[in-house]
Amino acid sequence: MPTISIFYGIIIRMYCAPAEHNPPHIHAYYQDYKAVIDIKTCEITEGNLPRKKERLVLAWVEIHQEDLLADWELAANGELPFTIEPLK
């Protein structure tokens, strides 16, 4: 699963597989926490993150929604997604 961004200790990844299930989503990791975030709704659908990190990830997803959806299309076709600029 390629890493598409890293910021404030949070690692954002996206699976690359033609059979990857919808809805379009990313995986966020922070220390021992894991969460799956729906790209279209900007909501956590599985797992959890500390509240402060959750707000950062959800803001980042909202800012980069178009880029993430484009990466999802690449990943769904078995191609590697592009990296996306982290929060600064």
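Each semi-axis of the equivalent ellipsoid for the chain is √(5λ) with λ an eigenvalue of the Cα gyration tensor; in descending order they amount to 19, 13, 12 Å.
Assuming charge only on the beta carbon of Lys and Arg (+1) and of Asp and Glu (-1), the dipole of the chain about its Cα centre is about 460 debye to the nearest 20.
Fewest neighbouring Cβ atoms within 10 Å first, the residues V61, V36 line up as V36, V61. Assuming a ≥ b ≥ c are the square roots of the Cα gyration tensor eigenvalues, decide whether the stretch 32-73 counts as rounded (a/c under 1.5), prolate (otherwise, with a/b larger than b/c) or oblate. Prolate shape, in that a/c is at least 1.5 and a/b is the bigger ratio. Could you state the angle between the C-alpha long axis of helix 65-76 and the longest principal axis of the C-alpha atoms of the chain, as a value from 0 to 90 degrees rounded to the nearest 10? Orientation of helix 65-76: about 50 degrees from the principal axis.
Only helices enter the 222 nm calculation for the chain: every DSSP H run of n ≥ 4 contributes -39,500 (n - 2.57), and dividing by all residues gives -9000 deg cm²/dmol, rounded to 500. Among residues other than E85 with Cβ under 13 Å from its Cβ, the summed charge is -2 (Lys and Arg +1, Asp and Glu -1).
A short reminder: the numbers here are calculations on the coordinates, not readings from a lab. Fair warning: this is a prediction, and the values are worked out from it, not measured in the lab. Cβ atoms come from the backbone with ideal geometry, glycine included; neighbour counts cover every protein chain shown.
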